[in-house]
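The values are calculated or read from the model by the stated rules, or taken from the named source; none is laboratory data. A quick note: this is a predicted structure, and the numbers were derived from the prediction, not measured. Note that each Cβ is placed from the backbone with ideal geometry, even for glycine, and that neighbours are counted across all protein chains shown.
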Amino acid sequence: MIALGAAQLALLHDSTPPDRPTPGSTPVAFDLENLRVDQPRVSLAASRGHPVVVNFWATWCVPCRQELPAFQAEHDKLGAQVLFVGINNADSREYAIKLFDELGVHYPSGFDPDGGVAQTAGLIGMPTTILIAADGTEVDRHTGELSQQRLDTMINRAFNL
């Protein structure tokens, strides 16, 4: 039992943490219906040429609900310097729209009811935030709730703002 635990620890120590991208890796492409059916589709390709913050979230995820105001505040603060995109993961469209309305979140969010994009992206938990450079490469990834200060620091470091 002890040997098995030591072997697992050694594997974890020697490998890249699963929550970090390989520098310069290409993030998973997505093209989803907008959470709001009367709005344009949400796709990674449409944001090429701009730094992008992609946040995977769901109404059933308490940390997701708690961090959404911080994402909206950063979106308001940064304006067009950085695009913000949500991906509503394995959720109810009705509940998701209601939460966005309650919290005053107005950046676009794709609707992924079966969670296929999160699965393809190799997410290990929710919420997950992925930062994508203007050239389309993934530069940072964080699993877990982010405060506005931590999100701001991550964005400034990744995009040299």
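The table that follows gives values for the structure above.
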| item | result |
| --- | --- |
| Whichever residue in region 47-77 is assigned to a helix (DSSP H, G or I) and in contact with a Pro (Cβ under 8 Å, 6 or more places away or on another chain) and, among such residues, is surrounded by the fewest Cβ atoms within 10 Å (Cβ to Cβ) | Pro63 |
| Criterion violated by Pro51 - all others in (1) at pLDDT 95 or above; (2) closer than 23 Å to Asp114 by Cβ satisfied | (2) |
| The lone exception for Gly116 - which of (1) free of Cβ contacts under 8 Å to residues at least 24 places away in the same chain; (2) farther than 19 Å from Ser47 by Cα; (3) surrounded by fewer than 14 Cβ atoms within 10 Å (Cβ to Cβ) it fails | (3) |
| Subset of region 78-92 (residues that are in a loop (DSSP other than H, G, I, E, B) and either within 10 Å of the chain's Cα centre (by Cα) or farther than 14 Å from Leu161 by Cβ (or both)) | Ala90, Asp91, Ser92 |
| Qualifying positions in region 100-127 - closer than 18 Å to Pro63 by Cα and either in contact with a strand residue (DSSP E or B) (Cβ under 9 Å, 6 or more places away or on another chain) or not in a helix (DSSP H, G or I) (or both) | Phe100, Gly104, Val105, Ser109, Gly115, Ala118, Leu123, Ile124, Gly125, Met126, Pro127 |
| Selection count where residues are of a type outside the set (Val, Ile, Thr), assigned to a loop (DSSP other than H, G, I, E, B) and out of contact with any strand residue (DSSP E or B) (no Cβ under 9 Å at 6 or more places or on another chain), scope region 137-161 | 4 |
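Here is a yes/no grid of residues against (1) surrounded by 20 or more Cβ atoms within 10 Å (Cβ to Cβ); (2) among the polar types (S, T, N, Q); (3) free of Cβ contacts under 8 Å to residues at least 24 places away in the same chain:
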| residue | (1), (2), (3) |
| --- | --- |
| Gly79 | no, no, yes |
| Asp112 | yes, no, no |
| Ile130 | yes, no, no |
| Thr137 | no, yes, no |
| Glu145 | no, no, no |
| Gln149 | no, yes, yes |
| Asn156 | no, yes, yes |
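Listed here are the residues, each with its yes/no results for (1) out of contact with any helix residue (DSSP H, G or I) (no Cβ under 8 Å at 6 or more places or on another chain); (2) at pLDDT below 95; (3) among the small types (Gly, Ala, Ser).
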| position | (1), (2), (3) |
| --- | --- |
| Leu99 | no, no, no |
| Glu102 | yes, no, no |
| Ser109 | no, no, yes |
| Pro127 | no, no, no |
| Gly136 | yes, yes, yes |
| His142 | no, no, no |
| Gln149 | yes, no, no |
| Met154 | yes, no, no |
| Arg157 | yes, no, no |
